[in-house]
Amino acid sequence: MQRLALRWRREHCRIGFVPTMGYLHAGHLSLVQRARRRVGPAGRVVVSIYVNPTQFGPQEDLSRYPRDFKRDQQLCRAAGVDVIFAPGDGEMYPPGAEAGFSTYVTEETLARGMEGAARPTHFRGVTTVVAKLFNLVLPDVAVFGAKDYQQAAVIQRMVRDLNFPVRIDVAPTHREPDGLAMSSRNKYLSAEERGQAVVLAEALRQARAAVKAGPVDSVQLKQQLSRFIAGRPAARLDYIEIFDPETLVPRAQATPGARMALAVFFGKTRLIDNETI
Ligand code: AMP
């Protein structure tokens, strides 16, 4: 991959990059279109498909994470992707105490709250694999989804702090017609859970409606939304946070322009969503 990327760079070909864990959906493909627009018809678009073990906790869904490489290949071909980079675990993280992998990248501010608090080793895995992927794919621009807002913020900070020569582009969240954010994990949902999963998007909509009339106390708004979510029997709230969109610091007052994020369990399936309120 790196040899190919170096050749493209020598040929002055711009490289657009979309890192994914595969099981692609229309949200991923919207990132591919964006990467294509950024690099133009003469550029190259690379999609990586790698279910990165270091970003999963020990009790999480690494082994059952959905995979369908054939289908992903077809979708990438139809979307005009030039190269799929799908490394194996042994290549990305060679095992062994002596010769094995032993260097990690951590972002230490934005990665603390929300997903970082709920999943303590998650962002270390994300920043490490994305740093490796950037060094392998050598992109001019990399596209991430706002669906994982904190992740995009952490990556932007890593790129700035470690001087990666790459531009980060953040694409809006692609949703199902009823508002549910597209996610590979939606496949886990039973019909009943799928029906109730729209509660994340509804909570975001409610929050936006609530702040329109003027600032609202965040604690009160979060309590109101928790009760609303508890009204769906299949849903179990993990967290709701209302925060500054740049610093990700929680805000005592919810006002228009603040960002709200939430994570909700449906059985073992954990869904996240966020929007500007
Ligand atoms: P994943 O395969 O879930 O790791 O996601 C790969 C990339 O696609 C990440 O940058 C995600 O934020 C992005 N992504 C996932 N779901 C969506 C969506 N519904 N809309 C836009 N981007 C998404």
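Size of the dipole of the chain about the Cα centre, Lys and Arg at +1 and Asp and Glu at -1 on the beta carbon, nothing else charged, in debye to 20? Spell out each step's value before the answer.
Values: 38 positive and 28 negative charges, 136 e Å.
That gives a dipole near 660 debye.
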(message) Among M260, M182, M92, which one shows the highest mean-square fluctuation when the chain is modelled as a Gaussian network with alpha-carbon springs under 10 Å?
(response) M92
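Please report the relative contact order for the chain, taking Cα pairs under 8 Å with a sequence separation of at least 6, and give it as a percent rounded to a whole number.
On the way: 472 pairs, mean separation 47.4, N = 277.
RCO, the chain: 17 percent.
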(request) Counting other beta carbons within 10 Å of each Cβ, put I229, I15 in order, fewest first. (result) I229, I15
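Is the shape of the chain rounded, prolate or oblate, going by the alpha carbon gyration tensor and its root eigenvalues a ≥ b ≥ c, with a/c under 1.5 for rounded and a/b larger than b/c for prolate? Walk me through the numbers before you get to the answer.
Values: a/c = 1.65, a/b = 1.62, b/c = 1.02.
Prolate shape, in that a/c is at least 1.5 and a/b is the bigger ratio.
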(message) To test your reading of the geometry: what angle, between 0 and 90 degrees and rounded to tens, separates the Cα axis of helix 218-230 from the longest principal axis of the chain?
(response) 90 degrees
(request) Find which of Y93, Q156, T247 sits farthest along the positive direction of the dipole of the chain, computed with +1 on the beta-carbon of Lys and Arg, -1 on that of Asp and Glu, about the Cα centre. (result) Q156
(request) Find the relative contact order for the stretch 100-249 and round it to a whole percent, using C-alpha pairs within less than 8 Å whose residues are 6+ positions apart. (result) 18 percent
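Identify the GluC sites (Glu not before Pro) of the stretch 232-276 meeting these criteria: DSSP loop state and at most 13 other C-beta atoms within 10 Å of the C-beta.
Numbers: sites: E241, E246, E275; in loops: E246.
Those satisfying the criteria are E246.
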(request) Within the stretch 25-125, list the trypsin sites (Lys or Arg not before Pro) lying in a DSSP loop whose Cβ has at most 16 other Cβ atoms in a 10 Å radius. (result) R64, R67, R112
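For the pair K268 and F228, what calculated FRET efficiency results from E = 1/(1 + (r/R0)^6), where r is the Cβ-Cβ distance and R0 = 22 Å, to the nearest 0.05?
Details: r = 23 Å, r/R0 = 1.02.
E(calc), rounded to 0.05, equals 0.45.
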(request) Determine the sum of side-chain charges near C76: Lys and Arg each +1, Asp and Glu each -1, restricted to other residues whose C-beta is under 15 angstrom from that of C76. (result) +4
(message) With angles folded into 0 to 90 degrees, how steeply does helix 26-39 sit against the dominant principal axis of the chain? Use alpha carbons for both and round to 10.
(response) 50 degrees
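May I ask you to sort H28, H122, H174 by Cβ crowding, counting other Cβ atoms within 10 Å and putting the fewest first?
Numbers: H28 26, H122 21, H174 18.
Fewest to most other Cβ atoms nearby, the residues stand as H174, H122, H28.
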(message) Just want the ordering: T276, T269, from fewest to most Cβ atoms lying within 10 Å of their own Cβ.
(response) T276, T269
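Relative contact order (percent) for the stretch 176-268, with alpha-carbon contacts under 8 angstrom and 6 or more residues of separation? Each step should come with its number before you reach the end.
Values: 117 pairs, mean separation 26.8, N = 93.
This gives 29 percent for the stretch 176-268.
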(message) With angles folded into 0 to 90 degrees, how steeply does helix 149-161 sit against the dominant principal axis of the chain? Use alpha carbons for both and round to 10.
(response) 50 degrees
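Taken together, the values in this text are just the output of simple stated rules run on the coordinates, not laboratory data. Since the structure is predicted, the reported quantities are computational estimates derived from the model, not experimental observations. FYI the Cβ positions are ideal-geometry reconstructions off the backbone, even for glycines, and counts take in every protein chain you see.
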